[in-house]
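Read the structure below first, then the notes.
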Amino acid sequence: MQKLLNQLAPLEPIATDIQVNDAPLKNIKVVLFDIYGTLMISACGDVGSIDFKGDVAWQALKKAGFTMGNACDELEIGRLALQEFNKTVMSVHQKEKQLGNQYPEIVITEIWQKVVNVLLKQSKIIAPTSDIDFNYIAFLFECLTNPVYPMPNMQYVLDKLAPKFALGIVSNAQFFTPIFMNYFLDDKNYLQHKYIKGFEDKYTSYSYEYKTAKPGTDIFKSIIPALRKDGFTNENILFIGNDMLNDIVPANQVGFKTVLFAGDKRSLRLRKEDKRVKNIVPDRVIINLKQILNILGVQ
């Protein structure tokens, strides 16, 4: 994983023409962040936006220790992998929705385990050359299909906020999300840490852990007991995200103050056509993470 992380190329945000509103907000004591498209630039705009081609699929499987069967070529293996991936994700979503989970989230390692097992059972497609590490396969595909990089001023802003505010995360994410973040935050033990350097564990919620995603409110609600126990009310809590539906709507529904981050065209999701966004207005709008400091009165 170290080598893959070192190979991540710099990304720059694509500017938007959104009007900024970074007027100060009072009484904020807790700042919660989304990750993809907010703290990190995502080439695809979000986590889980896998759209790979056959040659990329085979490249990842080969790096993970597989050999190619005689009956297939690289593009065919990729096509089969993509087909099985989509089929497996759809099956998981259908089962979860039948159980009443309106916004199901996959566990990416479990998906790749099922995909690879299907390919292994089909003779002459692929064969492992060593023990299979499904975490590594998932990590490989993410690096190849959805590379990430810190949003400009991420480290600077977090360093400014950390002494004065409690920080947390509420994000659609997978196991590799804190690996990326901790790597960018120069955490020496980034491969071991489940949570993210500088953020409160008790105020951190990842969708894959609960198998439910935003725009549902469950992963927001999961941290509310800890916030209440520590004496914070809704007027003390600010959530920052790049997606009107997935971020601003559920944060608004649980009563948090909200900031729409509109700093990257790839990931900005206004969702104007979605009825669930109608009449929802973020408290503030920014296009650069530094503008959070203006909102919070931090010098």
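Structure notes:
- Exactly one residue out of Lys265, Lys221 is surrounded by fewer than 18 Cβ atoms within 10 Å (Cβ to Cβ), without any contact (Cβ under 8 Å) to a residue 40 or more places away in the chain and not polar (S, T, N, Q): that is Lys221.
- Candidates are the residues of segment 130-172 that are under 18 Å from the mean Cα position of the chain (by Cα) and hydroxyl-bearing (Ser, Thr, Tyr); the one that is nearest to Thr233 (Cα to Cα) is Ser171.
- In the condition set (1) closer than 29 Å to Tyr103 by Cβ; (2) buried (at least 16 other Cβ atoms within 10 Å of the Cβ), Asn117 is compliant with all but (2).
- Residues located in segment 196-218, provided they are surrounded by fewer than 17 Cβ atoms within 10 Å (Cβ to Cβ) and without any contact (Cβ under 8 Å) to a residue 40 or more places away in the chain: Asp201, Lys202, Glu209
- Count of segment 29-59 residues, restricted to those that are buried (at least 18 other Cβ atoms within 10 Å of the Cβ) and either at pLDDT 80 or above or in a loop (DSSP other than H, G, I, E, B) (or both), is 20.
- With respect to (1) under 19 Å from the mean Cα position of the chain (by Cα); (2) surrounded by fewer than 16 Cβ atoms within 10 Å (Cβ to Cβ); (3) among the polar types (S, T, N, Q), the lone exception for Thr233 is condition (1).
- Among (1) among the aliphatic types (A, V, I, L, M); (2) surrounded by 22 or more Cβ atoms within 10 Å (Cβ to Cβ); (3) modelled with pLDDT of 95 or more - the single one Ile137 does not satisfy: (3)
- Which numbered condition Asn146 fails, given (1) under 30 Å from Gln299 (Cα atoms); (2) crowded, with 19+ Cβ neighbours inside 10 Å: (1)
- Hits in segment 220-275 (condition: out of contact with any strand residue (DSSP E or B) (no Cβ under 8 Å at 6 or more places or on another chain), under 16 Å from Lys202 (Cα atoms) and either at pLDDT below 95 or among the hydrophobic types (A, V, I, L, M, F, W, C) (or both)): Ile224, Ala226
- Segments classed as helices (runs of 4 or more DSSP H), wholly inside segment 175-223, with at least 1 members that are hydroxyl-bearing (Ser, Thr, Tyr) and closer than 30 Å to Gln98 by Cα: 177-184, 207-210
- Residue within segment 124-134 that is surrounded by 19 or more Cβ atoms within 10 Å (Cβ to Cβ) and of a type in the set (Ser, Thr, Tyr) present: no
- Count of segment 91-114 residues which are surrounded by fewer than 17 Cβ atoms within 10 Å (Cβ to Cβ) and over 25 Å from Asp133 (Cβ atoms): 8
The values are calculated or read from the model by the stated rules, or taken from the named source; none is laboratory data. Values in this document were obtained by computation on a predicted structure and should not be read as measured data. Using ideal geometry, Cβ is built from the backbone for each residue, glycine included, and neighbour counts are taken over all protein chains shown.
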